[in-house]
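Colleague: Got a structure for you, questions after.
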Amino acid sequence: VVPLITLPYVARVLRPSAFGLVVFSQGFSFVLTTVIDWGFSYEGVRAVAVVREDPERLTTAVAEIRSGQLVLAAASVPIAAGALFVIPEFRHHPDFLVMAWVAAVATGLAPGWFFIGIEQIRLAALTMLAYRALAAVLTFILVGGPSQAWIVMALFAGSSVVTLVALDLRMYRRIARMRPATLARSFVAIRGSAALFVGT
């Protein structure tokens, strides 16, 4: 509902060229998000649900999934760098590429799967909704013309980052903080979700 409210306004005030740049950048961000998520939003739910009553195993499961996502986030850097050279829109507007990448990493790392697995989905959903609604309100306040297209992208990336931080803080109240899993365990997690990624 939030995008349906803001989209007509943004399309009208930004005009076609600036609006197209925003939508293209957001679309690129969604593609990168799919790579970073790698099916963990589904596999993570199962992994967490199975061990949610065992704090030690739950912490290990989260560490392995998050480590796999961090490996994929690192792998997205050369993809984004390649886009800078291949896509003219990003060569002319590298700031939009950076904000698209930041939004993708934050969205891909957001542990919504954790809260579904422990059956606290309402908490995660309300957190995400609150920050998206805030970004929508700020869009109406701050964006008034094509020269402010960057603000739309900044709010898009910013709301993703703030959501990630808020959900992470809540997740680590439930489980102990631990160092990321080894690279070998990260690749095990990535292989385990590969079929889900292909399906996605």
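The values are calculated or read from the model by the stated rules, or taken from the named source; none is laboratory data. Here the structure is a predicted model, which means the values were calculated and not measured. Here the Cβ positions follow ideal geometry from the backbone for every residue, glycine too, while neighbour counts run over all protein chains shown. The protein model used for the area step is the full one, side chains on, heavy atoms only, and it has no ligands, DNA or RNA in it. Shrake-Rupley method; radii C 1.70, N 1.55, O 1.52, S 1.80 Å.
Colleague: Looking only at the range 86-112, count every residue that is more than 20 Å from Ser159 (Cα to Cα), open to solvent by 60 Å² or more (accessible area, probe 1.4 Å) and of a type in the set (A, V, I, L, M, F, W, C) and tell me the total.
Modeller: The qualifying residues number 1.
Colleague: For the range 178-188, which positions are closer than 22 Å to Glu53 by Cβ and either under 21 Å from the mean Cα position of the chain (by Cα) or polar (S, T, N, Q) (or both)?
Modeller: Ala181
Colleague: Give the residues of the range 53-85 that are farther than 23 Å from Met153 by Cβ and in contact with an Asp or Glu (Cβ under 8 Å, 6 or more places away or on another chain), sorted by residue number.
Modeller: Scanning the range 53-85 gives a single hit, Ile65.
Colleague: If you scan the range 28-85, which residues turn out to be open to solvent by 20 Å² or more (accessible area, probe 1.4 Å), over 30 Å from Phe96 (Cα atoms) and under 17 Å from the mean Cα position of the chain (by Cα)?
Modeller: Glu43, Val45
Colleague: Next question, about the same structure. Which of the following residues is in a helix (DSSP H, G or I), hydrophobic (A, V, I, L, M, F, W, C), touching a helix residue (DSSP H, G or I) at 6+ places or on another chain (Cβ under 8 Å) and at pLDDT 95 or above: Leu164, Leu123?
Modeller: None of the other options fit; the residue is Leu164.
Colleague: Moving on to the next point. Return the residues of the range 172-200 that are farther than 10 Å from Glu64 by Cβ, among the small types (Gly, Ala, Ser) and either surrounded by 15 or more Cβ atoms within 10 Å (Cβ to Cβ) or without any contact (Cβ under 8 Å) to a residue 40 or more places away in the chain (or both); say none if nothing qualifies.
Modeller: Ala184, Ser193
Colleague: From the list Ala135, Ala149, pick out the single residue that is over 21 Å from Thr60 (Cα atoms) and either modelled with pLDDT of 95 or more or touching a Pro at 6+ places or on another chain (Cβ under 9 Å) (or both).
Modeller: Ala149
Colleague: Looking at the range 27-35, can you tell me whether even one residue there is farther than 28 Å from Leu183 by Cβ and not charged (D, E, K, R)?
Modeller: yes
Colleague: List every residue pair whose Cβ atoms lie under 9 Å apart, where the two residues are 6 or more positions apart in sequence or sit on different chains, the first residue falls within the range 44-57 and is in contact (Cβ under 8 Å) with a residue 12 or more places away in the chain, and the second residue, located anywhere, is open to solvent by 70 Å² or more (accessible area, probe 1.4 Å).
Modeller: Listed by first residue and then by second, the contacts come to Gly44/Ile116; Val45/Ile116; Val48/Ile116; Ala49/Ile116; Ala49/Glu119; Arg52/Glu119; Pro55/Arg174.
Colleague: Looking only at the range 10-27, filter to residues that are closer than 24 Å to Ala104 by Cβ, more than 20 Å from the chain's Cα centre (by Cα) and touching a residue at least 40 places away in the same chain (Cβ under 8 Å); which one of those is surrounded by the most Cβ atoms within 10 Å (Cβ to Cβ)?
Modeller: Once the filter is applied, the top-ranked residue is Leu14.
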